[in-house]
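Colleague: Handing you a structure now.
The values are calculated or read from the model by the stated rules, or taken from the named source; none is laboratory data. Quick caveat, the model's predicted, so the values are computed rather than measured. Ideal geometry is used to build each Cβ from the backbone, glycine not excepted, and the neighbour counts take in all protein chains shown.
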Amino acid sequence: MRNIFLLLTFLTVSICYPQANTEVLLFDLNTSNGKFELSNMKNISNNEGYDNQPSFVDNNTIVYAGSRNGQTDIVKYNISYDSKIFINYTDGGEFTPLKIPNKNEVSAVRLDKDGKQRLYNYNPRNGKSTEIIKDLVVAYYTWFDQNTVVSAVIEDKNLNLYVTNLKNGRSRKYATNVGRSFHKIPNTNLVSFISKKDKNNWQIKSLNPITGATKLIANTMQDVEDICWLNNKTLLSGKNSMLYKLTLKKDNNWKQIADLKSKGIKKITRLTTNAASNKLLIAGDIDATPTPKDDVSNPKDTSKEKELEKAKIEAIVQKQLDAYNAKDIDAFMATYSKDIKLYNYPNELRTEGKDQMRKSYKVWFDNSRELRAYIKNRMVIGNKVIDEEQITVNGQIFNSVAIYEVENGLISKVTFIQ
């Protein structure tokens, strides 16, 4: 019961409750010639509920914690294709997804329904997860390298900083009363963290995970603990709708560089840049119905009506995928139109009509001991959703491409490419 209490205190209350309807926003960022310009704002989550804690996998891929069916799971977003997929299928909720250095894997803190909270890695090809640190209740973390995790661990109602060597399995405590913001400082062998030992004066400090040496970098703004590094000299932070920067050895204090209220952002809760420092992710509370003058998206972008329609098209395909993995035949068939047609590429008709399709999939569900469809890549073009799928059934793995066509809110045609 003690672990469950601490879990609810640090995750449910501190993260989910006050930020229950957050969104993830992507900006183009221009810092050339001393300027700081944000443009082409895009709401990449566009989803009711908790969507937060974004990070860049690379300059074209983002992961974040997103809401699905009342649960928080890992979402992967492709910038070029403007498409997103969920990459895990656990019973617990996933938070703080990050790419593991030098591996094609993602890590996340998982909160299971029985109260267990641990750090796991996830294989993006099949969604399988493995526990990374078995004996610590990790709340927040970052990677120093592929074998070293720097984390905030829940102990006696506090968050304490640990460094864990995954090769030998040893963990060592280096600081107490820390915050949730951990970042590898670019082009250094240091990690930054927030010290809250002085509750009236929070500080940004650096840690050398190899030697354990710590050093004061700067003070945070009052009661603000979320920062990110633009480069190894400049930090970004947000307070309410305001975006600030602090350049070390140049700025005497945090300087306001943008007011995002006009962009519909009420409160910034997380922020991060990509390695090239030309894109910025901001998570936070946004106005539910921003006025037209507050729209800062590129005029070449599709209209809000088309964006909403695209989200609905993707949602019905995702809903059928979730029902497929649950082997729920009623929920699965509810996503298809009455005269649904299934084809083998290019035009070989497999089944026509809901009744025929239900019979074949009912047999398939009933005879599959282990069934899991995992989406490796997804594109949404017009009314079509193109999924590259990996299907595991009874210990065998199959790969295929499915092209879903959606009409009037239901899937009307599917073409399979084996």
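Colleague: Considering each of T220, T188 in turn, give the residue that is crowded, with 17+ Cβ neighbours inside 10 Å, in contact (Cβ under 8 Å) with a residue 24 or more places away in the chain, in the same structural domain as K103 (by TED's automatic domain parsing) and among the hydroxyl-bearing types (S, T, Y). Give the derivation first.
Modeller: On the way: T188 fails: crowded, with 17+ Cβ neighbours inside 10 Å.
T220 is the lone residue from the list that is crowded, with 17+ Cβ neighbours inside 10 Å, in contact (Cβ under 8 Å) with a residue 24 or more places away in the chain, in the same structural domain as K103 (by TED's automatic domain parsing) and among the hydroxyl-bearing types (S, T, Y).
Colleague: With (1) assigned to a strand (DSSP E or B); (2) at pLDDT below 90; (3) among the aliphatic types (A, V, I, L, M) as the list, and A311 as the residue in question, which single condition is left unmet?
Modeller: Going through (1) assigned to a strand (DSSP E or B); (2) at pLDDT below 90; (3) among the aliphatic types (A, V, I, L, M) one by one, A311 breaks only (1).
Colleague: Only strands (runs of 3 or more DSSP E) wholly contained in the range 98-143 count here; list those with 3 or more residues that are under 13 Å from I74 (Cα atoms).
Modeller: Numbers: elements: 106-111, 117-122, 129-133.
Output list reads 106-111, 117-122.
Colleague: Mind telling me which of the residues K205, K134, K128, K196 ends up being basic (K, R), surrounded by 13 or more Cβ atoms within 10 Å (Cβ to Cβ), closer than 30 Å to I87 by Cα and not assigned by TED's automatic domain parsing to the domain that holds E388? First the steps, then the outcome.
Modeller: Details: K205 fails: closer than 30 Å to I87 by Cα; K134 fails: surrounded by 13 or more Cβ atoms within 10 Å (Cβ to Cβ); K196 fails: closer than 30 Å to I87 by Cα.
Sole residue among the options that is basic (K, R), surrounded by 13 or more Cβ atoms within 10 Å (Cβ to Cβ), closer than 30 Å to I87 by Cα and not assigned by TED's automatic domain parsing to the domain that holds E388: K128.
Colleague: Looking at the range 39-73, which of its residues are assigned to a strand (DSSP E or B), free of Cβ contacts under 8 Å to residues at least 60 places away in the same chain and more than 14 Å from N278 (Cα to Cα)?
Modeller: Filtering the range 39-73 for residues assigned to a strand (DSSP E or B) gives 39-43, 52-58, 61-68, 71-73.
Restricting the remaining residues to those that are free of Cβ contacts under 8 Å to residues at least 60 places away in the same chain gives 57, 61, 63, 65-67, 71-73.
Hits for the range 39-73 are V57, V63, A65, G66, S67, Q71, T72, D73.
Colleague: Quick one: which of E407, E305 is acidic (D, E), exposed (fewer than 13 other Cβ atoms within 10 Å of the Cβ) and modelled with pLDDT under 90? Let's see the steps before the verdict.
Modeller: Values: E407 fails: modelled with pLDDT under 90.
Just a single option satisfies the conditions, and that option is E305.
Colleague: Here are Y374, Y361: which of them is crowded, with 16+ Cβ neighbours inside 10 Å and not in a strand (DSSP E or B)? Steps first, please.
Modeller: Numbers: Y374 fails: not in a strand (DSSP E or B).
From the options Y374, Y361, the qualifying one is Y361.
Colleague: A further question follows. Before we move on, is N344 at positive phi and exposed (fewer than 14 other Cβ atoms within 10 Å of the Cβ)?
Modeller: Values: at positive phi: no; exposed (fewer than 14 other Cβ atoms within 10 Å of the Cβ): yes.
It is false that N344 is at positive phi and exposed (fewer than 14 other Cβ atoms within 10 Å of the Cβ).
Colleague: For the range 161-175, how many residues meet the condition of being among the polar types (S, T, N, Q) and either surrounded by 18 or more Cβ atoms within 10 Å (Cβ to Cβ) or outside the structural domain of I133 (by TED's automatic domain parsing) (or both)?
Modeller: Here is the first cut: in the range 161-175, the residues among the polar types (S, T, N, Q) are 164-165, 168, 171.
Narrowing the set further to residues that are either surrounded by 18 or more Cβ atoms within 10 Å (Cβ to Cβ) or outside the structural domain of I133 (by TED's automatic domain parsing) (or both) leaves 164.
Count: 1.
Colleague: For the range 319-358, name all the residues that are touching a helix residue (DSSP H, G or I) at 6+ places or on another chain (Cβ under 6 Å) and part of a loop (DSSP other than H, G, I, E, B).
Modeller: Those that are touching a helix residue (DSSP H, G or I) at 6+ places or on another chain (Cβ under 6 Å) and part of a loop (DSSP other than H, G, I, E, B): K327, T335.
Colleague: Right, another one. Take residues that are free of Cβ contacts under 8 Å to residues at least 24 places away in the same chain, in the same structural domain as Y77 (by TED's automatic domain parsing) and surrounded by 21 or more Cβ atoms within 10 Å (Cβ to Cβ) and tell me which of the strands (runs of 3 or more DSSP E) falling wholly in the range 232-293 contain 1 or more. Give the derivation first.
Modeller: On the way: elements: 234-239, 242-247, 255-259, 265-273, 279-286.
Per the criteria, no element qualifies.
Colleague: So, in the range 148-159, how many residues would count as being within 19 Å of K116 (Cβ to Cβ) and either in a strand (DSSP E or B) or free of Cβ contacts under 8 Å to residues at least 24 places away in the same chain (or both)?
Modeller: Looking only at that region, the number is 8.
Colleague: Follow-up question, since we're still on this one. Looking for something modelled with pLDDT under 90 and touching a Leu at 6+ places or on another chain (Cβ under 8 Å) - is there at least one such residue anywhere in the range 360-370?
Modeller: no
Colleague: Could you pull out the residue among N158, N189, N147, N121 that is at pLDDT below 95 and touching a strand residue (DSSP E or B) at 6+ places or on another chain (Cβ under 9 Å)?
Modeller: N158
Colleague: Still on this structure, please answer the following. Pick from the range 26-54 the residues that are within 19 Å of F95 (Cβ to Cβ) and crowded, with 19+ Cβ neighbours inside 10 Å: which of them is farthest from the chain's Cα centre (by Cα)? Lay out the reasoning, then the answer.
Modeller: Residues of the range 26-54 within 19 Å of F95 (Cβ to Cβ): 44-45, 47-54.
Those still in the list that are crowded, with 19+ Cβ neighbours inside 10 Å too: 44-45, 47, 50-54.
Working: I44: 10, S45: 9, N47: 12, Y50: 10, D51: 7, N52: 6, Q53: 6, P54: 5 Å.
Selected residue: N47.
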